[in-house]
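Data block below; observations after.
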Amino acid sequence: MKHSLINTGDIAQYRDRFNWPVNADGARQTYLCGNSLGLQPRRAVERVQEVLSDWSSLAVEGHFDAKRPWLTYHEQAAPLLARLLGCDASECVTMNTLTINLNLLMISFYRPTEQRYKILIEQDAFPSDRYAVQSQLHLHGHDPANGIVEWTRDDDDYSIDSLAALLDEHDDIALLLLPGVQYLTGEWLDLPAIAALARQHDIPLGLDLAHAVGNVPVNLSMIDADFAVFCTYKYLNGGPGAIGGAWVNQRHHASDLPRLHGWWGNDESTRFLMRDTFEPAAGVDVWQQSNPPILGLAPVIASLEMFDAVGMSALRARSLELTGHLANRLERELADAVQIVTPRDPSRRGAQLSLRLRTDATAAKQVFERLQQADIIGDWREPNIIRVAPAPFYNTLEDTDRLVDVLTAALS
């Protein structure tokens with residue numbers, strides 16, 4: 001993993017390198033929703049305008065003659081992602097969107113048999129993951145009603161001991177699909193321990209890193225799962241519906257796993273010979289389907305360059321400072337009204353804190369609406385949870401203080 005090039009204090013300079021939503025009076029809103037959609041880097045605007053300019057002046061020749069040629073555009077992202085993910089550049093690629101990538105990789109790694117056909121997911125898994133799992137079970141002729149095994153929370157924690165017991169109990173599981181950071185609670189799961197259990201039981205492990213990448217340090221080479229997918233529009237600030245990403249452990253690159261093939265998964269050296277026979281590209285690139293959307297990839301690369309310049313160690317230190325300050329104030333001043341669902345142990349959480357309001361659903365929703373009216377931007381999960389995420393790139397201690405002050409008034 002790349003070491004930080006700056007200290008945590010210098011991260012403050014990046015706050016003004018993002019465009020901020022403003023209220024009717026033109027004042028910046030307090031934006032704490034990077035767990036859902038990251039702010040727009042100003043550098044991303046420049047990169048998109050560069051592509052538009054090249055498209056205007058070069059048209060199709062932009063594939064070869066653009067300032068950053070489109071033909072190999074996705075290759076700019078690979079080394080940046082590799083350093084962020086703690087893996088080799090041959091293992092990671094930007095392509096498609098998260099759920100498309102998840103379905104593509106489950107075609108390769110979900111290989112059910114008569115004896116082992118179930119898929120294990122966590123309680124309150126993100127709906128898109130659950131739907132993808134249900135569809136894969138249907139494709140193989142299994143009923144999702146009895147084909148899904150859920151890892152349930154102990155109180156508000158996902159215990160490794162309970163996962164171990166669940167795997168000992170079930171000898172019919174064909175795939176584990178789990179998140180890096182759980183979207184609802186904000187818990188950072190113990191991925192190395194999970195991967196060790198998967199190997200012990202000889203079960204492939206897939207990871208949904210949508211809420212982990214750019215949020216917490218990730219070292220996929222050390223974790224040693226089988227595959228991972230992620231999006232880039234949350235902490236990676238890639239823009240709404242931005243291109244997704246995938247990682248496949250290099251030990252599978254030369255395997256005979258089943259795959260769906262597309263033109264961009266063909267070997268680059270023969271791709272434009274237009275042959276009838278598919279010649280697989282090296283590494284994870286073989287899972288690519290089509291050429292990437294250049295306008296959608298440009299903001300992602302612009303943001304990844306910022307992550308590469310700062311380094312996750314500095315961002316993580318700043319994140320711990322922000323969430324620690326916020327958690328301390330909430331517990332000191334609002335414990336009777338607000339429960340922090342996210343683990344209190346800093347090593348088990350990222351930037352997101354999930355706050356359960358100790359009131360009924362109607363009153364809780366009114367509190368959230370009062371925050372919105374006061375220009376505090378978080379997000380809402382039924383029936384009574386507010387998720388806030390002070391992102392280290394652009395949020396400050398003052399942002400977290402304002403949240404607590406406005407929340408206190410909204411609860412009174």
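The values are calculated or read from the model by the stated rules, or taken from the named source; none is laboratory data. Every value quoted in this text rests on a predicted model; they were computed, and no experiment measured them. When we count neighbours, we look across all protein chains shown, and the Cβ atoms used for this are built from the backbone with ideal geometry, even at glycine.
Can you tell me which condition Asp399 does not meet? The list is (1) part of a loop (DSSP other than H, G, I, E, B); (2) among the acidic types (Asp, Glu); (3) buried (at least 18 other Cβ atoms within 10 Å of the Cβ), and all the others hold.
Checking Asp399 against (1) part of a loop (DSSP other than H, G, I, E, B); (2) among the acidic types (Asp, Glu); (3) buried (at least 18 other Cβ atoms within 10 Å of the Cβ), the one that fails is (1).
Among the residues in segment 275-283, are any modelled with pLDDT of 95 or more, surrounded by 15 or more Cβ atoms within 10 Å (Cβ to Cβ) and assigned to a helix (DSSP H, G or I)?
Within segment 275-283, one or more residues are modelled with pLDDT of 95 or more, surrounded by 15 or more Cβ atoms within 10 Å (Cβ to Cβ) and assigned to a helix (DSSP H, G or I).
Regarding segment 48-60, can at least one residue be identified that is surrounded by 12 or more Cβ atoms within 10 Å (Cβ to Cβ), farther than 17 Å from Ile294 by Cα and either of a type in the set (Lys, Arg) or at pLDDT 95 or above (or both)?
Among the residues of segment 48-60, not one is surrounded by 12 or more Cβ atoms within 10 Å (Cβ to Cβ), farther than 17 Å from Ile294 by Cα and either of a type in the set (Lys, Arg) or at pLDDT 95 or above (or both), which makes the answer no.
Give me a count of the residues in segment 284-294 that are touching a residue at least 40 places away in the same chain (Cβ under 8 Å), among the β-branched types (Val, Ile, Thr) and either assigned to a loop (DSSP other than H, G, I, E, B) or more than 30 Å from Arg349 (Cα to Cα) (or both).
Counting residues in segment 284-294 that are touching a residue at least 40 places away in the same chain (Cβ under 8 Å), among the β-branched types (Val, Ile, Thr) and either assigned to a loop (DSSP other than H, G, I, E, B) or more than 30 Å from Arg349 (Cα to Cα) (or both) gives 1.
Quick one: in segment 307-356, which of the residues that are more than 17 Å from the chain's Cα centre (by Cα) and among the basic types (Lys, Arg) is farthest from Gly86 (Cα to Cα)?
In this case the residue turns out to be Arg332.
So which pairs qualify, if the first residue must be in segment 295-315 and more than 15 Å from Gly238 (Cα to Cα), the second must be in a helix (DSSP H, G or I) and at pLDDT 95 or above, the Cβ gap must be under 7 Å, and the two must be at least 6 apart or on different chains?
Met312/Leu84
So the check is Cβ under 6 Å with 6+ separation or different chains; which pairs have a first residue in segment 140-153 that's in the same structural domain as Asp168 (by TED's automatic domain parsing) and a second one that's of a type in the set (Ser, Thr, Tyr) and surrounded by 14 or more Cβ atoms within 10 Å (Cβ to Cβ)?
His142/Tyr117
Report, by residue number, each residue of segment 87-133 that is over 18 Å from the mean Cα position of the chain (by Cα) and basic (Lys, Arg).
Hits for segment 87-133 are Arg111, Arg116, Lys118.
Looking for whichever is assigned to a loop (DSSP other than H, G, I, E, B), touching a residue at least 24 places away in the same chain (Cβ under 8 Å) and crowded, with 18+ Cβ neighbours inside 10 Å here; the options are Ala77, Ala125, Ala132. Which one fits?
Ala125
Yes/no per residue for (1) farther than 28 Å from Ile173 by Cβ; (2) in contact with a strand residue (DSSP E or B) (Cβ under 9 Å, 6 or more places away or on another chain); (3) not assigned by TED's automatic domain parsing to the domain that holds Arg251:
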{"residue": "Asp65", "(1), (2), (3)": "yes, no, no"}
{"residue": "Arg68", "(1), (2), (3)": "yes, no, no"}
{"residue": "Ala78", "(1), (2), (3)": "yes, yes, no"}
{"residue": "Cys87", "(1), (2), (3)": "no, yes, no"}
{"residue": "Val93", "(1), (2), (3)": "no, yes, no"}
{"residue": "Leu102", "(1), (2), (3)": "no, yes, no"}
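Scan segment 248-273 for residues that are assigned to a helix (DSSP H, G or I) and either within 27 Å of the chain's Cα centre (by Cα) or touching a residue at least 12 places away in the same chain (Cβ under 8 Å) (or both) and jot them down.
Gln250, Arg251, His252, Trp263, Trp264, Gly265 - these are the residues of segment 248-273 that are assigned to a helix (DSSP H, G or I) and either within 27 Å of the chain's Cα centre (by Cα) or touching a residue at least 12 places away in the same chain (Cβ under 8 Å) (or both).
List pairs: first in segment 367-388 and free of Cβ contacts under 8 Å to residues at least 40 places away in the same chain, second among the polar types (S, T, N, Q), Cβ under 8 Å, 6+ apart or cross-chain?
As it stands, the answer is Asn384/Thr359; Ile386/Ser354, since those pairs meet every condition given.
Taking the conditions exactly as written (farther than 20 Å from Ala246 by Cβ and over 16 Å from the mean Cα position of the chain (by Cα)), does Thr72 satisfy them or not?
no
Are any residues in segment 246-262 at pLDDT 95 or above and either small (Gly, Ala, Ser) or under 14 Å from Glu279 (Cα atoms) (or both), and if so, which ones?
Ala246, His253, Arg259, Leu260, His261, Gly262
I'd like to know if segment 37-44 contains one or more residues that are part of a strand (DSSP E or B) and modelled with pLDDT of 95 or more.
Yes, the conditions are met somewhere in segment 37-44.
Any residue that is under 12 Å from Pro390 (Cβ atoms) and among the acidic types (Asp, Glu) - is there at least one of those in segment 307-326?
yes
Just name the residue that is surrounded by the fewest Cβ atoms within 10 Å (Cβ to Cβ) out of those in segment 363-396 that are part of a helix (DSSP H, G or I) and of a type in the set (D, E, K, R).
So, considering only residues that are part of a helix (DSSP H, G or I) and of a type in the set (D, E, K, R), the one surrounded by the fewest Cβ atoms within 10 Å (Cβ to Cβ) is Glu369.
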